[in-house]
Amino acid sequence: MSEYSPYHLLQSPGEVDPEKSNISLAHNLNQEFNDVQTLVTQIKGLYLSPDCSDVTLIVEERRFPAHKTILSCRSEYFRAMFFGGMKEGKDAEVVLHETSPAAFEILLNYFYSGKLRFSNMKLPLFLEVFALVHQYGIKKLEDSMCEYLKHSLQVNNVAIIYSTAYLFALDNLMNDCLEFMDKNAVDVMNTEAFLQLSGQSLLRILSRNSFCAPELLIFQSLTKWIYSHPEEANMHTCLLKQIRLTLIKLEDIMENVRPTNLMEPERVLDAIHDQITKRTSDLGYRGFRKPNTNVISPSLGTKVIEGSNGDGILKHKDDQKLDIEKCTSHEVGADGEYITVELGRAYILNYIELHMVDRDQRLYSYYIEVSMDGSDWVRVINYSQYYCRGKQKLYFPERVVKYIRIMCTRSTVHRMFYISEMKAMYCPEAPEVHNDVIVPVHNVATIEENAHVIEGVSRSRNALLNGITDNYDWDNGYTCHQLGSGFITVQLPQPYIIGSIRLLLWDCDDRRYWFTIEVSHDNEQFMKVIDGQSLRSWQTFYFKPLPVVFIKITGLRNTANEVFHLVHIECPADPDNAHQSENVAISDVNTYPVIYTHPDLQNN
């Protein structure tokens with residue numbers, strides 16, 4: 001007798017039992033039942049419902065029936081409370097402190113519904129809920145609320161939001177508030193909320209170079225704060241030290257600062273002495289900070305006050321249609337000739353970019369100075385001993401700047417120095433700089449970085465710099481020179497501190513090469529850094545870092561013919577690619593390197 005199956009009741013004569021068939025049913029129908037929305041609705045329906053409630057939360061006499069499992073799933077704080085071995089895990093009633101019923105009710109609703117409408121709350125209530133979100137460790141919601149606060153900053157609320165961010169050590173929100181206050185310092189100091197800041201949070205504001213307002217006004221605002229906070233007397237001296245008395249006019253010091261008796265007499269006398277004896281550039285200015293924003297712009301009040309055709313560098317140009325006569329210029333070598341820019345206001349800068357006209361092979365040497373008063377100048381870039389061309393990317397220690405001037409000291413082609421474009425800004429992520437020269441991390445011998453091959457023979461002018469290392473043969477993809485006659489020279493657009501070079505020698509057969517590598521800052525005086533002997537394919541060389549503009553590779557011998565072939569050059573060498581090199585060389589300047597096999601290849 002066969003085993004009973006309920007399906008037999010529905011089976012017609014001749015019908016196949018699906019349990020014994022490979023035929024699948026209902027190919028074209030939805031094969032999944034999704035009832036998520038019903039689940040969400042039912043969980044939401046448990047909000048403030050005593051049904052199945054296993055805990056009552058009490059906030060200032062207000063009672064909230066709730067469910068330990070739901071709260072624990074939504075918050076690590078409640079998970080630890082109810083299932084972490086604490087006594088509340090067994091209690092039917094739990095009293096919550098340091099919150100208001102209104103704020104807790106809103107957050108409790110979020111636990112059950114998954115929604116929280118920010119725009120329905122006024123700022124005080126929003127910040128109460130925000131404090132609970134932080135306390136209960138709801139990170140995703142906290143991040144969303146921080147973003148909302150960032151876009152809600154106004155003069156009258158930024159100090160309140162900053163205080164909250166400072167209290168909870170929310171660095172990103174705190175920095176957003178600080179940057180907003182930097183831009184609106186005068187107006188922010190006139191708000192009541194500014195007077196409610198804690199001493200420590202106020203200290204962080206006043207110590208910033210970018211909190212830019214008249215120093216006398218900063219002192220007067222701090223005076224009001226001190227009178228409003230006698231309980232923080234331990235902070236008064238520290239805060240007063242942030243006042244830069246040297247930036248307050250002498251008559252204002254005598255009439256407005258000294259009578260308050262807040263400043264020690266010695267400090268007042270020192271400030272007066274510094275105003276008389278110190279250089280203007282050493283007075284510790286405050287300035288506006290606009291990260292990654294070019295401040296040389298007519299819309300920001302920039303003016304070119306020295307140089308021919310001053311408007312030239314203030315207008316965007318198409319390099320393909322560049323008219324040299326419309327560029328800003330000055331005569332090279334003429335006494336007192338500069339290109340000078342006056343910014344609309346004092347800015348904190350650490351980067352200047354110049355686009356020097358380089359249609360031909362002209363090279364320039366120059367220096368750049370900055371000033372706050374147009375009289376006392378500080379040199380921030382000195383490339384008077386280097387030959388440069390094209391786009392210049394120049395970093396220097398950040399400082400407050402109102403005026404920028406450039407003087408060209410040498411030109412190889414023309415008596416005029418031309419600039420087609422100029423930028424100045426503050427870059428938060430600046431590279432390492434040594435004696436005004438960038439220490440690059442990535443390869444700068446590239447077309448994108450405006451490097452050029454100025455000596456050498458190739459079917460493609462810059463084949464050596466295009467980054468293609470897997471598409472070369474007997475006729476294409478390399479640069480060469482005849483042994484005993486000539487060399488290959490690469491020119492970087494500006495000096496860089498270079499301590500390594502990586503080469504790909506042409507290796508379509510087993511030939512080997514002998515060659516030297518020399519470097520120079522002016523294409524006249526060269527220093528030999530590498531002496532390569534019997535080498536092939538990929539090679540990486542390390543030597544004492546030094547400023548480099550020109551790299552000259554001279555072939556000495558080739559085991560196959562009378563031509564030296566080079567496929568690729570890179571400087572500095574990318575350490576991640578060094579393992580591809582057949583050999584690595586370590587060299588001291590003016591000494592031959594010791595060649596050794598790279599550790600990764602010793603067993604090959």
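Here are some notes:
- Within segment 433-445, the only residue that satisfies the criterion of being without any contact (Cβ under 8 Å) to a residue 60 or more places away in the chain and surrounded by fewer than 18 Cβ atoms within 10 Å (Cβ to Cβ) is Val433.
- Residue check, Glu264 in contact with a strand residue (DSSP E or B) (Cβ under 6 Å, 6 or more places away or on another chain) and of a type in the set (Asp, Glu): no
- Of the residues making up segment 323-337, those that are in contact with a Cys (Cβ under 9 Å, 6 or more places away or on another chain) and either among the aromatic types (Phe, Trp, Tyr) or over 20 Å from Gly312 (Cα atoms) (or both) number 1.
- Of Val257, Val268, all but one fail to be without any contact (Cβ under 8 Å) to a residue 24 or more places away in the chain and touching a helix residue (DSSP H, G or I) at 6+ places or on another chain (Cβ under 8 Å); the exception is Val268.
- Long-range neighbours under 9 Å by Cβ, at least six apart or interchain, first residue under 14 Å from Cys427 (Cβ atoms) and not assigned by TED's automatic domain parsing to the domain that holds Val304 within segment 380-406, second among the hydrophobic types (A, V, I, L, M, F, W, C) and buried (at least 22 other Cβ atoms within 10 Å of the Cβ): none
- Contacts under 6 angstrom Cβ, first residue in segment 511-537 being within 20 Å of Ser411 (Cα to Cα), partner hydrophobic (A, V, I, L, M, F, W, C), 6 or more apart: Ser520/Phe526; Ser520/Phe550; His521/Val549; Asn523/Phe550
- Scope segment 160-174; condition of a type in the set (Phe, Trp, Tyr) and closer than 20 Å to Thr191 by Cα; matching residues: Tyr162, Tyr166
The values are calculated or read from the model by the stated rules, or taken from the named source; none is laboratory data. Keep in mind that this is a model prediction, so the values were computed, not measured. A quick note on method: Cβ atoms are made from the backbone with ideal geometry, for glycine too, and the neighbour counts reach across all protein chains shown.
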